[in-house]
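Taking it in order: structure first as structure tokens, then the write-up.
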Amino acid sequence: MKKLLCACAGLAMAFSAAAALAADLSGTWTADSTGPDGSSYQLTFIFEQDGAKLTGTVQGPQGDPIEISNGKVDGNTISFEVSFNGMTITHSGTVNDAGDEIKLSTKADRPDFPVHDLTLKRTKPVGQPTP
């Protein structure tokens, strides 16, 4: 019985450590993107993470922020959708171990919208020193 209790305690500690290692993605992230005409522009993502649930917005150079939906975080894996102009774009990717960069791939439900890769960088809050 003692061995079983020790094993359960060990597993609980291991799962707690794994959860503690997972980065909280809440905050502001930016990515440089390129349009179909070759022009570059910046996207700003504002994420709010509550456990495995991810909510927030994305904003491009024009228009209002667009809500993200179906957002999930599982360890270092992230996924969410953005819908606008009758199109849904699915985003999926991974967070680096430092928790300051996300590599995303996008895929739209319309065939004329190309698959796109993005690298999101966490922005530092104003007044926070650079390491």
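Just so it is clear, none of the values below were taken in a lab; they were calculated from the coordinates. What you see is a predicted model, and the numbers here were worked out from it, not measured in a lab. Glycine also receives a Cβ, built like all others from the backbone with ideal geometry; neighbour counts cover every protein chain displayed.
Things to note:
- Scan the stretch 104-113 for residues that are small (Gly, Ala, Ser) and either surrounded by 15 or more Cβ atoms within 10 Å (Cβ to Cβ) or assigned to a loop (DSSP other than H, G, I, E, B) (or both) and the total you get is 1.
- Tallying residues that are in a strand (DSSP E or B), closer than 27 Å to Lys124 by Cβ and not acidic (Asp, Glu) within the stretch 90-103 yields 7.
- In the stretch 46-70, the qualifying residues are those that are under 18 Å from Lys121 (Cα atoms) and of a type in the set (Gly, Ala, Ser), and the one that is surrounded by the fewest Cβ atoms within 10 Å (Cβ to Cβ) is Gly60.
- All positions within the stretch 63-82 that are closer than 17 Å to Trp29 by Cα, part of a loop (DSSP other than H, G, I, E, B) and not acidic (Asp, Glu): Pro65, Asn76
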